[in-house]
Amino acid sequence: MALAAPLAAQAQNVPPTLEELIPESAVENPDAWADRGAESEELIDEALVEPDTPMADPPGMELAWPEDIELPPIEDMAPSEEVEFVDLEIAGPQVAFSDAEVIEISDDLVLGFPQREPPFSGRGNFIDRFEALSTIRDLDTDDDNIAQLSARAREDEELLDNLLRVYGYYDGRIIRSIGARDAGEDNATERPIVRFDIVPGERYRFGAIDLGALSTAPDAEELRAAFDIQSGDFLQSDKIVEEQLDLDIALGETGYPFAEIDAPQLLIDHAREEGDLTLPVEPNGKYVFGNVVSSDPGFLSSRHLDTIARFDPGDVYRRSLEMDLRRAITATGLVSSVTITPREVEAPSEGEPGVVALDVAIEEAELRTIAGAIGYGSEEGFRIQASWEHRNLFPPEGMLRIRGIAGTQEQLAGVTLRKNNFGGRDRILNIDAYASTIDSPAFEARTAALVASYERISTLLFQKPLSWSIGGELVATQERPPAVSGISQPRETYLIAAIPAYAQIDTTDDLLDPTQGFRLSGRLSPEVSRNQGVQSFYVRGRADASYYREMREGLVIAGRVAYGSIVGTDLFNIAPSRRLYAGGGGSVRGYGFREIGPRDDLGEPSGGRSVVELGLEARIRTGFMDGAVSVVPFIDAGSVSTSVTPDFSEIKIGAGVGVRYYTGFGPIRVDVGVPLNPEEGDAPVAVYVSLGQAF
């Protein structure tokens, strides 16, 4: 009973329901009840109080309302001369979103740059990197939905934030928005588009720079200059990586084989807007080269490796020379793997560098090789070539090769001895003995020869600015003009001794596919020939020059000129195989091999004592097969004379077009040429296939 009163009080405070508010008269006669609305409006109008009507005393208020209250007038305040007004400088970048520069990355993505001051330095590279890494850029919104676009937008926003930090903007902001753009008249639907407004803020700078123990190195100033970051420079993570690599290279090239550089640490101070960099460096002493020590002296001796190396004991250690030695050992073709490890022999002391030996661990490769090739050419007909070789039969690097050729125009059997790195780096001793028969359009020859040479020439691994060769030849050959209508002339025997020499200057950028530079080469061969009791002395010489220039990306213009001459004796005292000819894939394209020049009474090429050749071609890259194919229009010209100097009595011109397919080791060449002023017997079309450019 004691709780009845509070419950009743609570019940009195419960609001009435909707049913309780509707009067019974409205339920019994709704129309009549609705008509009372007009009467209610009249009652309301009567109840309205005019603004000037005095208010009645509120119930329960006994306090009298104040009368005759007078308020003082508001006085105007004149500005005080003692108060000073200042212009407030609001910290932060100047941003104008309405005037933001907008860069369209794709149909689905744009970047906005509303910040005017300070300028966003490095913005161009920033955009390129973002474009390369953006996930939205590769999204096809025609096939993917908005949810995927939103997910990639979050990834790209994180990417932009990370890129800002890479460039030293640690207070940057990225404002992401997704809208829509009209897809065009052909498509009434709208395309979604993501926009990122980038406000980089202030760019931080490098503060303190700590390079560990670098200052203890004897070459501290030179090494510190190699690390090109100073306090106050704009902060950029890429720069730290680049300069760390430069410092590592400088240490390796200045005599520090055991130098160590730990990972860099960057401490950002937002209050100073700077980053303090710590790069722990331990030089660990300066050294000079000692000896090279082979792990297999019977295969490649330490003495031979010393010959290959481009340094002498006592030279300051350089990491590039260590790597060059590794490449040279690999280039021998005798090893499957090679590892070079520096080893301390003497420690540095009293300001003197220590001594480091290079321990070379090698594993032998397969040394025997069988090779063969079958082909056909419009110049040489069918040709089958095979060889067997042992690349280290006479250690170190003593090769024996046995080879043979069976073809329409040539048959050959030969034996070659070769010693690589003989007497010095990249110097080669060759001794070659062979017997051959040649049945060419210019002559028939049965030849036995012994040829020796000592040379330093360019290879695919080591292109050299200066190449040279000198040697000797002993040749016995029986030769005659080619048979005509089954009628053969008698053979003549020539005994020849020669001392050929060769030199070339090469400034081009590639051995097989040059795009810049020039080549200038010369050959000179004093020779003695004996034929039918007549002994003749003469000198064969030839000069070649070629020039290459890249006119624009994907277009290279190449030109060549060649001149050759034989002085000292009459033409018929010179064996036909030693005379000068023109025509073929490396000469005047469009004509057969050796088919340009003077002809005998039977109309066969007889060779001459002078030759001039010219060539010009344009190497035009195409987009076909990812740019691996080039089209090469060309024009060649040449003239052969019986005199020592060209008389240009007859100049042959050939033109055509070629195709180059670029591989990892060089271009494969296919040229199709036609003779522009052919003679009777010249083929209407000539095809040439080889590796590398024509010149």
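The values are calculated or read from the model by the stated rules, or taken from the named source; none is laboratory data. Everything numeric in this text was worked out from a predicted model, so none of it was measured. Every residue, glycine as well, gets a Cβ built from its backbone with ideal geometry; the counts of neighbours run over all protein chains shown.
Screening residue 238 on (1) in a helix (DSSP H, G or I); (2) in contact (Cβ under 8 Å) with a residue 40 or more places away in the chain; (3) surrounded by 15 or more Cβ atoms within 10 Å (Cβ to Cβ); (4) not β-branched (Val, Ile, Thr) shows it passes everything except condition (3). Of the residues making up the range 253-274, those that are assigned to a loop (DSSP other than H, G, I, E, B) and of a type in the set (Asp, Glu) are 262, 273.
Take the residues of the range 95-124 that are within 11 Å of residue 195 (Cα to Cα) and among the β-branched types (Val, Ile, Thr): which is surrounded by the fewest Cβ atoms within 10 Å (Cβ to Cβ)? Here the answer is 102.
Across the range 390-402, the number of residues qualifying as without any contact (Cβ under 8 Å) to a residue 60 or more places away in the chain and buried (at least 18 other Cβ atoms within 10 Å of the Cβ) comes to 3. Evaluating residue 174 against the criteria (1) part of a helix (DSSP H, G or I); (2) at pLDDT 90 or above; (3) closer than 19 Å to residue 192 by Cβ leaves one unmet condition, (1).
Could you tell me whether any residue of the range 321-335 is in contact with a Pro (Cβ under 6 Å, 6 or more places away or on another chain) and either under 16 Å from residue 257 (Cα atoms) or assigned by TED's automatic domain parsing to the domain that holds residue 462 (or both)? So far as the range 321-335 goes, no, none of its residues is in contact with a Pro (Cβ under 6 Å, 6 or more places away or on another chain) and either under 16 Å from residue 257 (Cα atoms) or assigned by TED's automatic domain parsing to the domain that holds residue 462 (or both).
Within this structure, residue 687 passes the test of being modelled with pLDDT under 90, within 38 Å of the chain's Cα centre (by Cα), surrounded by 14 or more Cβ atoms within 10 Å (Cβ to Cβ) and of a type in the set (Val, Ile, Thr).
Would you mind finding the one in 490, 481 that is free of Cβ contacts under 8 Å to residues at least 12 places away in the same chain, more than 30 Å from residue 669 (Cα to Cα) and either touching a Ser or Thr at 6+ places or on another chain (Cβ under 9 Å) or surrounded by fewer than 17 Cβ atoms within 10 Å (Cβ to Cβ) (or both)? The conditions single out 490. Restricting attention to the range 327-355, the residues that are part of a helix (DSSP H, G or I) and among the hydroxyl-bearing types (Ser, Thr, Tyr) add up to 1.
Evaluation of residue 522 against the conditions (1) in contact (Cβ under 8 Å) with a residue 24 or more places away in the chain; (2) within 25 Å of residue 691 (Cβ to Cβ); (3) surrounded by fewer than 16 Cβ atoms within 10 Å (Cβ to Cβ); (4) out of contact with any Gly (no Cβ under 6 Å at 6 or more places or on another chain) shows that the sole unmet condition is (1).
Confirm whether residue 475 is over 47 Å from the mean Cα position of the chain (by Cα) and surrounded by 18 or more Cβ atoms within 10 Å (Cβ to Cβ). Yes, satisfied. I'd like the residue in the range 639-695 that is part of a loop (DSSP other than H, G, I, E, B) and acidic (Asp, Glu) and, out of all such residues, is farthest from residue 589 (Cα to Cα). Among them, the one singled out is 647. Based on what the data block shows, is residue 246 touching a Ser or Thr at 6+ places or on another chain (Cβ under 8 Å), outside the structural domain of residue 358 (by TED's automatic domain parsing) and at pLDDT 95 or above? So residue 246 does not fit the description; no. Restricting 615, 607 to those that are of a type outside the set (Ser, Thr, Tyr), closer than 18 Å to residue 544 by Cα and modelled with pLDDT of 85 or more reduces the list to 615. Would you check if there is a residue in the range 269-279 being closer than 23 Å to residue 319 by Cβ, in contact (Cβ under 8 Å) with a residue 60 or more places away in the chain and buried (at least 18 other Cβ atoms within 10 Å of the Cβ)? Within the range 269-279, one or more residues are closer than 23 Å to residue 319 by Cβ, in contact (Cβ under 8 Å) with a residue 60 or more places away in the chain and buried (at least 18 other Cβ atoms within 10 Å of the Cβ). Could you check, for the range 412-422, whether at least one of its residues is in a strand (DSSP E or B), over 22 Å from residue 457 (Cα atoms) and of a type in the set (Val, Ile, Thr)? No. Mind checking whether some residue in the range 370-388 is within 37 Å of the chain's Cα centre (by Cα), surrounded by fewer than 17 Cβ atoms within 10 Å (Cβ to Cβ), assigned by TED's automatic domain parsing to the domain that holds residue 314 and not polar (S, T, N, Q)? No: zero hits. Contact map, the range 281-294: first residue within 14 Å of residue 311 (Cβ to Cβ) and buried (at least 20 other Cβ atoms within 10 Å of the Cβ), second residue at pLDDT below 95 and of a type in the set (Lys, Arg), Cβ cut-off under 9 Å, separation 6 or more or different chains; pairs are 292/303. List, please: which pairs have Cβ atoms under 9 Å, are six or more places apart or on different chains, and start with a residue in the range 668-688 that is of a type in the set (Phe, Trp, Tyr) and end with one that is surrounded by 15 or more Cβ atoms within 10 Å (Cβ to Cβ) and assigned to a loop (DSSP other than H, G, I, E, B)? Cβ pairs passing all conditions: 688/378; 688/379; 688/584; 688/585; 688/586; 688/589; 688/694. The test for being of a type in the set (D, E, K, R) and within 24 Å of residue 656 (Cβ to Cβ) does not hold for residue 604.
When the criteria are applied in full, residue 310 fails the requirement of being under 30 Å from residue 202 (Cα atoms), in contact (Cβ under 8 Å) with a residue 40 or more places away in the chain and in a loop (DSSP other than H, G, I, E, B).
Checking every residue in the range 431-454 against the condition of being small (Gly, Ala, Ser), under 37 Å from the mean Cα position of the chain (by Cα) and either loosely packed, with under 13 Cβ neighbours inside 10 Å or not assigned by TED's automatic domain parsing to the domain that holds residue 324 (or both) gives zero matches. All of 345, 338, 316 fail the test of being crowded, with 17+ Cβ neighbours inside 10 Å and either among the aliphatic types (A, V, I, L, M) or closer than 22 Å to residue 418 by Cα (or both), apart from 338. Quick one: residue 355 ticks every box in (1) more than 22 Å from residue 475 (Cβ to Cβ); (2) more than 35 Å from the chain's Cα centre (by Cα); (3) outside the structural domain of residue 331 (by TED's automatic domain parsing); (4) aliphatic (A, V, I, L, M) except a single one, so which number is it? Condition (3) is where residue 355 drops out.
With a requirement of 2 or more residues that are modelled with pLDDT of 70 or more and either assigned by TED's automatic domain parsing to the domain that holds residue 266 or in contact with an Asp or Glu (Cβ under 7 Å, 6 or more places away or on another chain) (or both), the strands (runs of 3 or more DSSP E) lying completely within the range 75-166 that satisfy it span 109-113.
Residue pairs whose Cβ atoms lie under 7 Å apart, sitting 6 or more positions apart in sequence or on different chains, and linking a residue in the range 106-119 that is in contact (Cβ under 8 Å) with a residue 24 or more places away in the chain to a partner that is polar (S, T, N, Q) and crowded, with 21+ Cβ neighbours inside 10 Å, are 109/134.
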